[in-house]
Every structure is written in structure tokens, then in C-alpha cells.
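The values are calculated or read from the model by the stated rules, or taken from the named source; none is laboratory data. All of these numbers come straight from a predicted model, not from anything done at the bench. Neighbour counts are summed over all protein chains in view; Cβ atoms, including those assigned to glycine, are modelled from backbone coordinates with ideal geometry. Note: accessible area is taken over every heavy atom of the protein model, side chains too, but ligands, DNA and RNA are not part of it. Shrake-Rupley method; radii C 1.70, N 1.55, O 1.52, S 1.80 Å.
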Amino acid sequence: MKVLVPVKRVVDANVKVRVNADNTAVDTANLKMAINPFCEIAVEEAVRLKEAGVVSEIVVATVGPKAAQEQLRTAMALGADRGIHVETDDSYCALSIAKILNAIQTNEQAELIILGKQSIDGDNNQTGQMLAALAKLPQATFASEVSVADGAVSVTREIDGGLQTIKMPLPAVITADLRLNEPRYAKLPNIMKAKRKPLDTVSVDSLGVTLGEHQKVISVTPPAERQAGVMVGSVEELADKLKNEAKVI
Amino acid sequence: MTTLVIAEHDNQSLKADTAKVVACAQAIGADVDVLVVGANCAAAASEAAKLNGVSKVLVADASAYAHGLADNLGELISGIGADYSHILASASSLGKDVLPRVAALLDVAQLSEVVEVKSDDTFVRPVYAGNAMETVQSLDAKKVMTVRSSAFDAVASDGNAELVTLDTVIESQVSFESQSLTESERPELGNAAVIVSGGRALASSENFAILEALADKLGGALGASRAAVDAGFVPNDLQVGQTGKIVAPDLYIAVGISGAIQHLAGMKDSKVIVAINKDPEAPIFQVADYGLEADLFDAIPALTKLV
Ligand SMILES: Cc1cc2nc3c(=O)[nH]c(=O)nc-3n(C[C@H](O)[C@H](O)[C@H](O)COP(=O)(O)OP(=O)(O)OC[C@H]3O[C@@H](n4cnc5c(N)ncnc54)[C@H](O)[C@@H]3O)c2cc1C
């Protein structure tokens, strides 16, 4: 069984970003970049399924600039077999990304597609669901447990009130939540090996998708600052402030 | 121009989120209809009909809709959506699951976690864990968006909308296996006026009892950091943060939580923030209105006695 894992290059989760001076974008120049943490979890899950003998091939794909190949190599160092890089300097909304991924899926015919539930830059949480809709596949978002058996996949999902388990026929789309697994660290020999794994570079045009313009960013501004607070000296002072100053208890 | 709001409910009753999403819909300025889709959901539908300013409540009541599965709901809503200029749902696990599917089927983009309405096509939403606010204009004919309910005040329940039954039944490709919902007498996180939240420092599930005692005394909800959930001290649905629940209570008490960017993203719009931490350098103090440098195992029982 083949698995397709789309991944995204994002600013590292530990970096606190700032808005640029003319309030048009977040300043990402010279920041540490990484594979989106949820995408990394998706790759890890695919690798575990391969180690369990359920999966035979893992294809990772990304849409992004030349440098996004680093993230494909990271995924291959974790255990993915080959990469597809849709090279573009344009930034696309989730719908356009989903259309590009759907074109890849049409070529690849993967039986399982695992994505991260959201990317930590746009915080959209849309791509997997949109891809599932375009490919007319069932979906299980926010997965914390996945098991494949007899042409079907059972997924436990983190939902608002607790956990839900559903079962889908394959092919299907899954989006990974934080607790699905803890990704391994790539070992040096695997990082070296990943450099020699096949990586195809294609253009958006060559995939034959037509993309529209759906959204325009008017401005990007810093969030409202909170007013500086005070340190209190004791539990008594805290209780007093909450009762008599803030009046919240 | 009419807006369709997807109701959030458990068939018996409407979740508080819905009245907040209706408030967002009213800010857009169009007429507002509400869709209640579920199984034996008449009670929830009649609650929805009372929401202020709602013209019609569409009710799709069928066993196929019992578990809120995304594929058939997506198809149902995109079909109904043909008649609407805006389609809104709360940024709940249901809204996030279903709405992108609806948008893709309608060939339009989606806006996630809208916190402010600038005009009928321009909206504000947080990106990068709330470290930047993006004002986005939608160029699509239809606007599909999830709404961060904590950013809107609920509308009153003084209306009397017309109920319209829909007969379309679409089956899901997915089968529901089981569900385990956290049982609690405490208010829901998204709806609580007070939240007492615990981090890794609590060190065990038993120790959370001291936070529960404080939460109960304040009539509040219990929350947690990712570290506390990952360690299994509390269930996943208590996680507050960028990738958990986004809350904005009157009072948020962060106990033994360091204040990582991803945690702050979920609670920094709370009205009053209290931080209790034994490390004076903990970043949580930078967003706290009242900070107390103390060992939580001394401070929390003492505070519980005083409130
Ligand atoms: C992609 C991604 C998404 C994430 N999403 C979320 C999210 O949604 N929500 C979230 O919370 N995190 C999230 N995180 C994790 C986040 O980065 C932090 O790791 C996490 O919030 C840390 O939890 P904590 O503050 O409980 O633990 P720690 O950072 O370990 O902090 C524990 C704190 O307790 C204090 N302490 C210890 N003992 C005591 C004591 N006896 N009395 C008082 N204070 C004490 C310490 O001084 C310390 O400040 C995410 C991370 C990533 C990469």
C-alpha cells in the first residue's frame, strides 16, 4: 500500500515571529525554518505503518520555494521513500494547495493520505479536508490513533468533548493531531541516505491545475499588547486584588 | 445576501457557541438563517429558533447525521449553501472538520478563526499562534468561514424564527465506531467565566485535585497545558492553546505553566490573567495581570481557602 504525505516548510515552532515595518506580512527573512510539526507527525505515522508491514511506499510532497526541498529531505531521513517538489515562489491559499495535491494524488493513486492537521504559520486547518472533498474521499481529522486492517482504517479523533473513533474504507485522508505519535530524530546515516533518495521537481503548470485568486491580504498587524501587570507578594494579596481590584471573584 | 450559520448542538440543546456565531453573522449585516443538522434534534432546533435576529431555522433530522461526520455533512451543507452569500460555523472540532469540505465543494477558499468583521467581505483572523493579525478580503462570491466564538458576545434568546424541515438524507462513507466524552459537572471550557489551568508542574493526575478544588470554589472550568495532557494527567479536551481550545474567560489562572507561545495563543485574550509559578523568569508572567512567584502546592490550597 502506498501512502502520500504532503508536508510544509514553516518558521520553526520555537521562533517568535514579528510583523514587518509596513504591516504587509510577517517577517520571515533569516528565520530558522523547519518541517511543520504536524507534518512531521504525519510522516512518522507513515513510517510506523511501513515498519509494521502495512505500507510499502511513502511518497512525500511539498508545494513551495526551492528551499522547501530541505523539508522533503528531512521527511526522507525519517523514512519516506521519495519526494515530489512542486516548485513555486507564489504563496497559495489552502484551496489551491489542495487542488495541486489532488493532481498529485490523481497520478499517485495512494491508498492513504496523511497530512498534519494544521500548519503553524497560517493556522488554517483546511488542506486535508479540502483535498478529501476534491478527491471525493472520506476523512478523519485530528487523529490520535490510526490502525489499518482489511482495506479499512480506524481512526480515533480528538474532538471537543473527548474522543471519537470512526472507520473508513480506503483510500482515505487522515490529518494528524499532536498525540498521534512522537516523531523520532533522524539518525546521521539516514540523513546521508536521504540525500540519494529520488526527488522529482515539477511545476504547478505541468500538473494541469488552474488556480484562481481567492483572497487578498489587506494588512498584517501585531496583536494588541496586554498592559503590564504586577507581581503580588503573597496569596493573601492575590485574593484581595482579585476580589477588590479586578472584581472577578 | 443571507448568511447561513451551522448550529453546534448535541441534539438536546444548543451549544453556547451558536449564539456567538450568530452575533458574528449579524455583524456582517445580512439576514441570518441557522441550520440544525442531527438526529432527533427537534429540541436543539427549537432553541435555535429563539436566537435573536434569526429568520429561518433549517432542520435536517436523520439518523445519517447522528455523529456529525464530515463527508455527508459537507455535501449537505454545500448543497444548501447555493442559496447563501456567507456560510459560518464555530471554529469547533465540528466546524473545522466540515467547513473546509464545504468550501472546496463550492470552489471557494475558507477563512479560519475569524475574530472581527470589517465589512461583508473583509475579516480579521490570527496567524502564527496569534503573533500577527491578518486582515483578509475574500474575492470569492461566497464567503465560508469558521468563527472564533470567544471573540463575539452571544445574542439573546428572544427571537421566534420559522422552522423549515429539509428532507435530503445523504449517507456517509464513514462508519461511527465509538465515542468517549469527558463527563464533568463543571462548565465547558469555551463558556466558563473562570478557568483554572494546570501545567507539567502538577506532576500527576491526582495532584490536579487541588486545582479542581479551586475551580469548583470559583464555579470555574479546568484547563491544562499540552505538557499536562501529553503526560496523561488530564483528558485531551482540556488542552488550551494554539492547537487546543481558545478561551477568553473573565479570569484565567495559570498554575505551573511556563507560558510557551503555543499556550499563550489559547488564553491571552482572557480579561484577567493570574500566573502562579516558582520561576520568576517564566514567560507566563509577561502576560499576567497578577503574578505570584510561589510553589503551587503551597499557594493553591491557601488561595482556595481565601476565595
Ligand atoms: C506544534 C505545537 C503545538 C503546540 N500546541 C500547544 C497547545 O495548544 N497548548 C499548549 O499548552 N502547548 C502547546 N505546545 C507545547 C508548548 O510549546 C509547551 O511545550 C507547553 O505549553 C509546556 O507546558 P507547561 O507550561 O505545562 O510545561 P513547562 O514548560 O515544563 O512548564 C512548567 C512550569 O511549571 C513551573 N513549576 C514547576 N514546579 C512548580 C511548582 N511546584 N510550583 C509552581 N510552578 C512550578 C516551572 O517553573 C515551569 O515554568 C505546542 C507545541 C508545538 C510544537
Restricting the count to DSSP beta bridges whose residues both fall in the protein assembly as shown, what percent are antiparallel, rounded to a multiple of 5?
35 percent
For region B:78-148, accessible area per residue (1.4 Å probe, heavy atoms of protein chains only), Å²:
24 Å²
Note down the magnitude of the dipole of the protein assembly as shown about its Cα centre, charges +1 on Lys and Arg C-beta and -1 on Asp and Glu C-beta and zero elsewhere, to the nearest 20 debye.
1300 debye
Based on the mean of other beta carbon atoms within 10 Å per residue, what is the order of A:193-205, B:247-259, B:215-227, most packed first?
B:247-259, B:215-227, A:193-205
For chain B, with only Lys/Arg (+1) and Asp/Glu (-1) charged at the beta-carbon, what is the dipole magnitude about the Cα centre, in debye rounded to 20?
520 debye
Segment B:Arg200-B:Thr182, length gained on full extension (0.36 nm per residue, minus Cα span)
4.4 nm
Give A:Lys2/B:Lys245; B:Lys50/B:Lys143; B:Lys56/B:Lys96; A:Lys8/B:Lys271; B:Lys56/B:Lys268; B:Lys20/B:Lys268 a once-over and call out the pairs whose C-alpha atoms are over 28 Å from each other.
A:Lys2/B:Lys245; A:Lys8/B:Lys271; B:Lys56/B:Lys268
Contour minus end-to-end for B:Gln173 and B:Asn191, with contour as 0.36 nm per residue of separation and end-to-end as the Cα-Cα distance?
3.2 nm
Using a Gaussian network for chain B with springs between C-alpha atoms less than 10 Å apart, which of these wobbles most: B:Ser78, B:Ser149, B:Ser157?
B:Ser157
Per-residue [θ]222 nm for chain B (sum of -39500 (n - 2.57) over DSSP H runs n ≥ 4, rounded to 500)
-7500 deg cm²/dmol
Which of the aspartates and glutamates could be linked to B:Lys15 by a straight reach, that is with a Cα gap under 14 Å, when you skip same-chain ones fewer than 8 residues away?
A:Asp160, B:Glu47, B:Asp153, B:Glu188
Accessible surface buried upon B-A contact (total; probe 1.4 Å; Å², nearest 100):
6600 Å²
Hull volume in cubic angstrom per residue (convex hull over the Cα atoms of chain A):
188 Å³
Largest fluctuation, A:Pro138, A:Pro223, A:Pro171 only, Gaussian network model of chain A with Cα springs under 10 angstrom, belongs to A:Pro223
With an 8 Å cut-off on Cα pairs and a minimum separation of 6 or more residues, tell me the relative contact order of region A:9-76 in percent.
29 percent
Tell me the label-point distance for the pair B:Ser55, A:Glu213, using the 7 Å Cα-to-Cβ offset, in nm and rounded to one decimal.
3.2 nm
Would you calculate the separation in nanometres between label points at A:Lys16 and B:Glu162, each defined as 7 Å from the Cα along the Cα-to-beta-carbon direction?
5.4 nm
To the nearest whole number, what is the average tally of beta carbon atoms from other chains within 10 Å of the beta carbons of peptide A:133-139?
6
Between B:Ala231 and B:Lys118, what length in nm is gained on full extension when 0.36 nm per residue of separation is reduced by their alpha carbon distance?
36.5 nm
Which one of A:Thr156, A:Thr210, A:Leu180 has its Cα pushed farthest toward the positive end of the charge dipole of region A:135-249, where Lys and Arg give +1 and Asp and Glu give -1 at the Cβ?
A:Thr210
Calculate the mean, over all residues of peptide A:105-113, of how many other protein chain Cβ atoms lie within 10 angstrom of the residue's Cβ.
0
Dipole of chain A [Lys/Arg +1, Asp/Glu -1 at C-beta], most positive-end residue of A:Ala46, A:Ala228, A:Ala25
A:Ala46
What accessible area per residue comes out for region B:211-298, rounded to a whole number of Å², with a 1.4 Å probe?
34 Å²
Averaged per residue, what accessible area in Å² does region A:1-120 show with a 1.4 Å probe, protein chains only?
38 Å²
Which value in Å does the Kirkwood hydrodynamic radius of the protein assembly as shown take, with 1/r averaged over all unlike C-alpha pairs and then inverted?
24.1 Å
For all pairs of alpha-carbon atoms in chain B, what percent lies in each bin of width 20 Å, listed from the first bin to the last filled one?
33, 53, 14, 0
Here the relative contact order (percent) of chain A, from C-alpha pairs under 8 Å and at least 6 apart, is 23 percent
When the helices in chain A are scored as -39500 (n - 2.57) per DSSP H run of 4 or longer and the sum is shared across all residues, what 222 nm value do you end up with, to the nearest 500 deg cm²/dmol?
-7000 deg cm²/dmol
With the charge dipole of chain A built from beta-carbon charges (+1 for Lys and Arg, -1 for Asp and Glu) about the Cα centre, the Cα from A:Leu238, A:Ser219, A:Thr106 projecting farthest to the positive end belongs to A:Thr106
How much of the accessible area of region A:36-161, in percent, comes from carbon and sulfur atoms when a 1.4 Å probe is used?
44 percent
Report Rg(Cα)/(2.2 N^0.38 Å) for region A:158-215, keeping two decimals.
1.83
Place a +1 charge on the Cβ of each Lys and Arg in region B:101-249 and a -1 charge on the Cβ of each Asp and Glu, then give the dipole magnitude about the Cα centre in debye, rounded to the nearest 20.
580 debye
Summarise the accessible area of chain B (1.4 Å probe, protein heavy atoms) by the percent that is carbon and sulfur.
45 percent
What percent do you get for the relative contact order of chain B when only Cα pairs under 8 Å and 6+ apart count?
15 percent
Per-residue average of other protein chain Cβ atoms inside 10 Å, peptide B:115-123 -> 1
Would you please give the residues with an amide H less than 5 Å from that of A:Arg18, counting only those at least 5 places away or on a separate chain, with H modeled from the backbone geometry?
A:Asp27
Chain A, Gaussian network, Cα under 10 Å: of A:Gly128, A:Gly79, A:Gly233, the residue fluctuating most is A:Gly233
